[in-house]
Amino acid sequence: MTDECIFCRILAGEIPCFKVYEDDDTLAFMDINPVHPGHVLVIPREHSANVFEVSDAAIAATAKSARRVAKAVRATLEPDGMNLLQCNGEAAAQSVQHFHMHVLPRAMNDGASLNWELKPGNMDAIGALADRIARALA
Ligand code: 5GP
Ligand code: ZN
């Protein structure tokens, strides 16, 4: 729990939320700036800033709850599609520094800006980067 973290304050009950699900490790609540109706946020109770800092247990619990919530959103709204997504850092549009996953129902041709066109990459460059990333994982 950190005093400055808005999601920790939601967890502590200091700020209200529209709760849809909770368990021992996670909380899921409606995003108050929804991209589409049914946009839900899922957070671990344990505070961490992002995917680089979250514990294995907390990310596993959050992913599990997010899938459970996604099924309920699908049953409720029957959207054309759904993104489960998670942002880290300013360029990735992270605005709250408490690890969270978005459950984001989508409509066909809704123009949400996170869609991209598929353009073939340079195989030499892709292969070289694969080697470098694999070395960082070794
Ligand atoms: P990010 O951009 O960090 O991935 O997503 C943060 C999300 O938190 C945004 O979609 C924003 O609408 C949501 N958010 C920010 N403050 C609050 C709040 O006080 N209550 C709720 N329910 N959502 C919030
Ligand atoms: Zn927090």
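The values are calculated or read from the model by the stated rules, or taken from the named source; none is laboratory data. From a predicted model like this one, the values you see are computed outputs, not experimental measurements. Quick reminder, even Gly has a Cβ in these numbers, built from the backbone with ideal geometry, and neighbours come from all protein chains shown. Only protein heavy atoms, including side chains, enter the accessible area calculation; ligands, DNA and RNA are left aside. Shrake-Rupley method; radii C 1.70, N 1.55, O 1.52, S 1.80 Å.
Would you mind finding the one in Met1, Met30 that is modelled with pLDDT under 95, of a type in the set (A, V, I, L, M, F, W, C) and in contact with a Cys (Cβ under 9 Å, 6 or more places away or on another chain)? Reasoning before the result, please.
Working: Met30 fails: modelled with pLDDT under 95.
Checking each option against the conditions leaves just Met1.
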Against the definition (loosely packed, with under 12 Cβ neighbours inside 10 Å and part of a loop (DSSP other than H, G, I, E, B)), how does Gly127 come out, yes or no?
no
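Where in the stretch 1-53 are there strands (runs of 3 or more DSSP E), lying wholly inside it, with at least 2 residues that are open to solvent by 80 Å² or more (accessible area, probe 1.4 Å)? Working first, answer last.
Details: elements: 19-22, 26-30, 40-44.
Per the criteria, 19-22.
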Tell me which residues, restricted to the stretch 86-124, are surrounded by 14 or more Cβ atoms within 10 Å (Cβ to Cβ) and not in a loop (DSSP other than H, G, I, E, B).
Met101, His102, Val103, Leu104, Pro105, Arg106
